[in-house]
Amino acid sequence: MGDAVDAAKQEWAAAWPDLDTSPGDVLARVLRLGQIVEEALNRRLRRRPGMEVSNLGDFDVLRALRRSGPPYALTPGRLRQAMLVSSAGLSGRLKRLEAQGWITRSSSLDDRRSTVVRLTPEGVEDLDRDLPDHYAFEADLLQALAHGQRDELAGLLRELLLRLE
């Protein structure tokens with residue numbers, strides 16, 4: 001009993017026996033897991049009570065602002081650095097989050113040429129209500145792994161990310 005990667009590996013072995021497809025044993029699974037997890041998180045975000053969150057990328061912006069601590073404000077440059085997912089389309093995300101009432105944007109008091117992105121008080125309240133449930137949902141996604149396995153996998157993935165980033 002195997003997964004889609006095992007099936008592909010068997011097909012390659014039959015079609016081209018000398019081809020080393022072993023890197024796909026890891027990378028194809030990482031890519032597929034990423035798709036499955038992102039789809040699950042996006043479904044959860046669309047169904048959550050409270051203020052609207054369009055997708056995981058928008059939610060990542062909100063989490064980065066919330067974990068920055070009071071006053072929950074960052075410049076767009078600092079926000080890009082703090083995001084866990086791709087910062088692609090950040091200006092579009094900020095425009096959408098501002099329209100939805102999550103954030104405000106204003107000129108920096110220190111440098112008028114710079115913008116500051118700040119969570120609204122309503123945004124902070126909404127996140128504070130939801131984040132425990134969100135992380136419980138993420139834990140449920142990982143329930144097939146024991147805590148020690150999760151820690152080991154996190155360490156291995158960290159090592160790979162540090163080398164590739």
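The values are calculated or read from the model by the stated rules, or taken from the named source; none is laboratory data. This structure is a prediction, so every number in the text was calculated from the model and none was measured. FYI the Cβ positions are ideal-geometry reconstructions off the backbone, even for glycines, and counts take in every protein chain you see. Note: areas computed on protein heavy atoms with side chains; ligands, DNA, RNA excluded. Shrake-Rupley method; radii C 1.70, N 1.55, O 1.52, S 1.80 Å.
Brief remarks follow.
- Subset tally (residues that are touching a Gly at 6+ places or on another chain (Cβ under 8 Å) and hydrophobic (A, V, I, L, M, F, W, C)) for the range 98-117: 2
- Test set (1) closer than 20 Å to residue 52 by Cα; (2) out of contact with any helix residue (DSSP H, G or I) (no Cβ under 8 Å at 6 or more places or on another chain) - residue 75 fails condition number: (1)
- Members of the range 138-150 found to be assigned to a helix (DSSP H, G or I) and free of Cβ contacts under 8 Å to residues at least 40 places away in the same chain, listed by number: 139, 140, 147, 148, 149, 150
- Screening residue 120 on (1) touching a Gly at 6+ places or on another chain (Cβ under 9 Å); (2) open to solvent by 60 Å² or more (accessible area, probe 1.4 Å) shows it passes everything except condition (2).
- Filtering the range 99-114 to residues that are open to solvent by less than 20 Å² (accessible area, probe 1.4 Å) and part of a strand (DSSP E or B) leaves only 103.
- Qualifying positions in the range 120-153 - farther than 19 Å from residue 56 by Cβ and among the aliphatic types (A, V, I, L, M): 124, 144, 145, 146, 153
- Test: residue in the range 77-88 that is more than 19 Å from residue 165 (Cα to Cα), out of contact with any Lys or Arg (no Cβ under 7 Å at 6 or more places or on another chain) and not hydroxyl-bearing (Ser, Thr, Tyr): no
- Taking the range 53-62 as the range and being buried (at least 17 other Cβ atoms within 10 Å of the Cβ) and either farther than 15 Å from residue 101 by Cα or among the charged types (D, E, K, R) (or both) as the test, the residues that pass are 56, 57, 58, 60.
- Against the conditions (1) over 27 Å from residue 53 (Cα atoms); (2) open to solvent by 50 Å² or more (accessible area, probe 1.4 Å), residue 155 satisfies every one except (2).
Here is a yes/no grid of residues against (1) in a strand (DSSP E or B); (2) surrounded by 12 or more Cβ atoms within 10 Å (Cβ to Cβ):
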position: 116; (1), (2): yes, yes
position: 125; (1), (2): no, yes
position: 130; (1), (2): no, yes
position: 135; (1), (2): no, no
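- Subset of the range 101-153 (residues that are at pLDDT below 95 and of a type in the set (A, V, I, L, M)): 109
- Search result, residues across the range 20-52 that are part of a loop (DSSP other than H, G, I, E, B) and either open to solvent by 70 Å² or more (accessible area, probe 1.4 Å) or in contact (Cβ under 8 Å) with a residue 40 or more places away in the chain (or both): 20, 48, 49, 50, 51, 52
- Considering the range 8-19, the residues that are within 27 Å of residue 161 (Cα to Cα) and part of a helix (DSSP H, G or I) include one that is least open to solvent (accessible area, probe 1.4 Å), namely 8.
- Options 79, 62, 153, 160; residue that is touching a Leu at 6+ places or on another chain (Cβ under 8 Å), under 25 Å from residue 29 (Cα atoms) and part of a helix (DSSP H, G or I): 153
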